[in-house]
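Before any comments, here is the structure.
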């Protein structure tokens, strides 16, 4: 602990923390996501490791002050490695009573509550469904926490009294006051936020000054008010050397697609229909038209994938993106792409289901849909991203596999990692592999004819990967017709022959199976190669499992962690790994989908650990489960 | 890939556009004539075969691409227009044709059809309208008339049919035409004009299904009734019809009335103007049941051409070029790096 002297000669304590979890919560119109993002970026620039979890309602402006309208942004920052957005928060910032009520369970005992007192008036308390006359800030029910009450609204209004703006507009800057205060509390610079404001309000410069004024007022309020005696310091984390940026999952996916287009020399065509939580991929891609990116906001989900199939038929990198309900609509067209044997990437940013389900909440319950959810024997390659920055890697991989093997690939991410952010030691373009695309230009077969043997083009003649040639319109002498009806092997002509159908069905399966020879082997993420318990995860549970397993290993527990990213085909050595452990624990944010696959493929028992609440696992609950199993 | 369609030097023949696949429509189907007219017209368009793509959905007509020796895609029910949109948007250099039926285009694929028209991609849509589901063996379609007896409407269809061209006009179609399988010369002329139009060309072709809906358009196609029941529109010429062109159409305010040509001066007749959207609206409404007393004749030919709208693919390319001009060619390393970075040593 360091004691510093303030110019007010007031005793200030500076407390160094290894890690800290802050949860910002308020009405969905309170600017909570922006406050959280700005604090995150500032912390990342300082070298902290970070992980974030925005948690917002499906309604854009849910009724003000109600529990349904609470928007949250959780940030976990540390001078140690951080893999999750944190279980319980240390600091809870609430703009109103509903925000407190919705999140108080997630505050650790002894934690700090920073409350905007104007959000605790009689009306707000009633909207938050507190009994009449009860104000939790005053009735002693929160005694195990430290409460800081700040009149945020009043102070913001006072700060901008001379601005000439109306109250409504002034109140929009409240979040800047809170942000300023938090920046003071965690001893970080206001500069990144100020430069953000300058960029954001380029067209309304007067708003730059006003917001900056409120931001500084919040900062100075911390500095000058004697109430606050403790400031926190979270130093830079010991991360591998290199240049870092902050990245969100959907953004990483979009950049991965653009990188794949560049590295394959193809034009990226993204056909999509807006859907939560996938739309940000479209927003990001639409910004980068100077990469030649073609974004097509289709009339519906089916047109979205169909347009991508058309683009792919034409020799482009055709991609479509959606979430579960949209993927359900695309199902028939995925089947078409399987029959056409053309490249196509289908992105599913999973959310809670079924049906409309929980649009803004996370879930991993579309794995079986991705693997099996189509009519007929219809295999596709499926890959899954495990963290926000891994979305980049797996989006790139999805494109590589699709283009090099002439096969549709489904990329699974989910709401948690799609909207979450983390530091990313980004690659340079020269470190990314080239993706080999060979458009066929020559005939590839010989056929007998009346005038002797003639050269012809057979669109379904395969190479060693069982991939068929990609001859695109515009290529002379290779004119051919393909379609959804079963084809004759090699010639691609319509065929209803029973033997041929069985052969083609098996060829399509074998082609997907062969991809296993072109993907990395499964690695153990943490722990020994052989032992008592293996935690086998996939997708966005990566961070929570990693945190739990590291802590368990440190406590002497015999546990290892493997995280699968190639869901179909599975890595060739996965079966061998599974046999090296007495028990296989499979935590999933679903009712046990991947465990069904593992049991089916490897005929082993698994211990399922499932959570279907629309939120990620906490590392604490995973730790408890591992401890129980390792006994 | 260049954005303009390359033209040809050595002129191929209709046979060059015929694939080696056996045509499998029912003997006597109207599709045969349409296939022949398309194959006949193709060499005159001056586009190399490899730069032409036919896209179809599902239905009898949708087998069409297999019979053309061009690039072809036989896709899934209703999606041809959406697939063709992606193909044309990403490959403006290709001549893209969609072959579709009344079920494919107006029922299961109705949504894609109207949005293709709205976006105005330079695609030629050939709607083979036979007012029946043929491939599934005879159910009523969205263009079947009220009361039509089919396998799925043994007591008569209670559905009101679409007026396809009024729908196309409402969706913002920029080239709207009607022809028929039994009039090869007229059909070939319309196909050429459809190809020439830069934008979505929509051609409704009355096509006889001799197995499940034989004679649906007989009144318009048979010699004995054709002249009295059809109105062949020609740009700049008066709307006249009848066995000896003795009848004409005159506008009484907004109301079209049939007159004897002999009774009016030439100036009083409606002069067809294929660029007049208001009049096109009225013409698409010439959709009476021919059995009804005092009905208007059914128009054939070009209802409307609007060629001042930019095509979608052109707008898309222009926008990309403008952004490149403004921001410079995309730099992958700059994109990977983002706006703010920090260094850990």
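The values are calculated or read from the model by the stated rules, or taken from the named source; none is laboratory data. All values reported here derive from a predicted model rather than from experimental measurement. Note that each Cβ is placed from the backbone with ideal geometry, even for glycine, and that neighbours are counted across all protein chains shown.
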note = Checked the range A:210-249 for anything part of a helix (DSSP H, G or I) and out of contact with any helix residue (DSSP H, G or I) (no Cβ under 9 Å at 6 or more places or on another chain); matches are A:224
inquiry  = Given (1) without any contact (Cβ under 8 Å) to a residue 24 or more places away in the chain; (2) within 7 Å of another protein chain (Cβ to nearest Cβ), identify the lone condition not met by residue A:287.
reply    = (2)
query = Within the range B:327-343, which residues are within 7 Å of chain A (Cβ to nearest Cβ), under 47 Å from the mean Cα position of the chain (by Cα) and assigned to a helix (DSSP H, G or I)?
reply = B:327, B:332, B:333, B:335, B:336
inquiry  = Please determine whether any residue of the range A:597-606 is in contact with a strand residue (DSSP E or B) (Cβ under 7 Å, 6 or more places away or on another chain) and free of Cβ contacts under 8 Å to residues at least 60 places away in the same chain.
reply    = yes
request  = Tell me, please, whether a residue that is assigned to a loop (DSSP other than H, G, I, E, B) and loosely packed, with under 15 Cβ neighbours inside 10 Å can be found in the range A:163-180.
outcome  = yes
query = Residues A:488, A:499: which one is within 21 Å of residue A:336 (Cβ to Cβ) and not assigned by TED's automatic domain parsing to the domain that holds residue A:316?
reply = A:488
In the range B:96-150, residue nearest to the other protein chains (Cβ to nearest Cβ) [restricted to those that are in contact with a strand residue (DSSP E or B) (Cβ under 7 Å, 6 or more places away or on another chain) and in a helix (DSSP H, G or I)] = B:116
ask   = Does at least one position in the range A:65-79 carry a residue that is surrounded by fewer than 21 Cβ atoms within 10 Å (Cβ to Cβ) and either outside the structural domain of residue A:176 (by TED's automatic domain parsing) or within 16 Å of residue A:183 (Cα to Cα) (or both)?
value = no
request  = Only residues that are in contact (Cβ under 8 Å) with a residue 40 or more places away in the chain and either more than 7 Å from every other protein chain (Cβ to nearest Cβ) or in a loop (DSSP other than H, G, I, E, B) (or both): list them for the range B:70-92, please.
outcome  = B:70, B:81, B:88, B:91, B:92
request  = Go through the residues of the range B:239-253 one by one and say whether even a single one is within 13 Å of residue B:300 (Cβ to Cβ), without any contact (Cβ under 8 Å) to a residue 24 or more places away in the chain and surrounded by 14 or more Cβ atoms within 10 Å (Cβ to Cβ).
outcome  = no
request  = Please go through the range B:191-238 and pick out each residue that is under 29 Å from residue B:149 (Cα atoms) and touching a helix residue (DSSP H, G or I) at 6+ places or on another chain (Cβ under 7 Å).
outcome  = B:202, B:203, B:204, B:205, B:206, B:207, B:219, B:220, B:225, B:226, B:229, B:230
task = Might you check whether a residue that is more than 26 Å from residue B:160 (Cβ to Cβ) and in a strand (DSSP E or B) occurs anywhere in the range B:264-280?
result = yes
note = Considering residues that are loosely packed, with under 14 Cβ neighbours inside 10 Å and closer than 25 Å to residue B:86 by Cα, the number found within the range B:316-345 is 6
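Yes/no matrix, rows are residues, columns are (1) in contact with a strand residue (DSSP E or B) (Cβ under 9 Å, 6 or more places away or on another chain); (2) within 10 Å of chain A (Cβ to nearest Cβ); (3) modelled with pLDDT of 95 or more:
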residue: B:5; (1), (2), (3): yes, no, no
residue: B:12; (1), (2), (3): no, no, no
residue: B:27; (1), (2), (3): no, no, yes
residue: B:30; (1), (2), (3): yes, no, yes
residue: B:35; (1), (2), (3): yes, no, yes
residue: B:42; (1), (2), (3): yes, no, yes
residue: B:48; (1), (2), (3): no, yes, yes
residue: B:53; (1), (2), (3): yes, yes, yes
residue: B:57; (1), (2), (3): yes, yes, yes
Condition met for residue A:349 (more than 11 Å from chain B (Cβ to nearest Cβ), in contact with a strand residue (DSSP E or B) (Cβ under 9 Å, 6 or more places away or on another chain) and buried (at least 24 other Cβ atoms within 10 Å of the Cβ)) = yes
ask   = Residues of the range A:217-257 being away from chain B (no Cβ under 14 Å) and surrounded by fewer than 16 Cβ atoms within 10 Å (Cβ to Cβ), which ones?
value = A:220, A:224, A:225, A:226, A:227, A:229, A:230, A:233
key: Residue list for the range A:514-534, filter: touching a residue at least 40 places away in the same chain (Cβ under 8 Å) and in contact with a strand residue (DSSP E or B) (Cβ under 9 Å, 6 or more places away or on another chain)   = A:515, A:516, A:519, A:520, A:522, A:524, A:529, A:530, A:531, A:532, A:533, A:534
ask   = How many residues are surrounded by 19 or more Cβ atoms within 10 Å (Cβ to Cβ), touching a helix residue (DSSP H, G or I) at 6+ places or on another chain (Cβ under 7 Å) and not in a loop (DSSP other than H, G, I, E, B) when one looks only at the range B:168-190?
value = 9
message = Can you find, within the range A:476-491, the residue that is surrounded by the most Cβ atoms within 10 Å (Cβ to Cβ) among those that are touching a helix residue (DSSP H, G or I) at 6+ places or on another chain (Cβ under 6 Å) and either within 10 Å of another protein chain (Cβ to nearest Cβ) or outside any loop (DSSP other than H, G, I, E, B) (or both)?
response = A:481
message = Residue pairs, Cβ under 6 Å, 6 or more apart or interchain, first in the range A:575-592 and in contact (Cβ under 8 Å) with a residue 60 or more places away in the chain, second surrounded by fewer than 18 Cβ atoms within 10 Å (Cβ to Cβ). List them.
response = A:588/A:610; A:591/A:610
ask   = Can you spot a residue in the range A:492-507 that is in contact with a strand residue (DSSP E or B) (Cβ under 8 Å, 6 or more places away or on another chain), assigned to a strand (DSSP E or B), away from chain B (no Cβ under 13 Å) and over 30 Å from residue A:257 (Cβ atoms)?
value = no
task = Select from the range A:399-424 the residues that are part of a helix (DSSP H, G or I), more than 24 Å from residue A:77 (Cβ to Cβ) and touching a helix residue (DSSP H, G or I) at 6+ places or on another chain (Cβ under 8 Å) and list them in ascending order.
result = A:399, A:400, A:401, A:403, A:404, A:405
ask   = Got a number for residues in the range A:258-284 being touching a helix residue (DSSP H, G or I) at 6+ places or on another chain (Cβ under 9 Å) and within 14 Å of chain B (Cβ to nearest Cβ)?
value = 16
ask   = Here are A:192, A:205: which of them is without any contact (Cβ under 8 Å) to a residue 12 or more places away in the chain, out of contact with any strand residue (DSSP E or B) (no Cβ under 6 Å at 6 or more places or on another chain) and over 15 Å from residue A:152 (Cα atoms)?
value = A:205
inquiry  = Going by what's in this entry, would residue A:455 be described as away from chain B (no Cβ under 12 Å) and outside any helix (DSSP H, G or I)?
reply    = yes
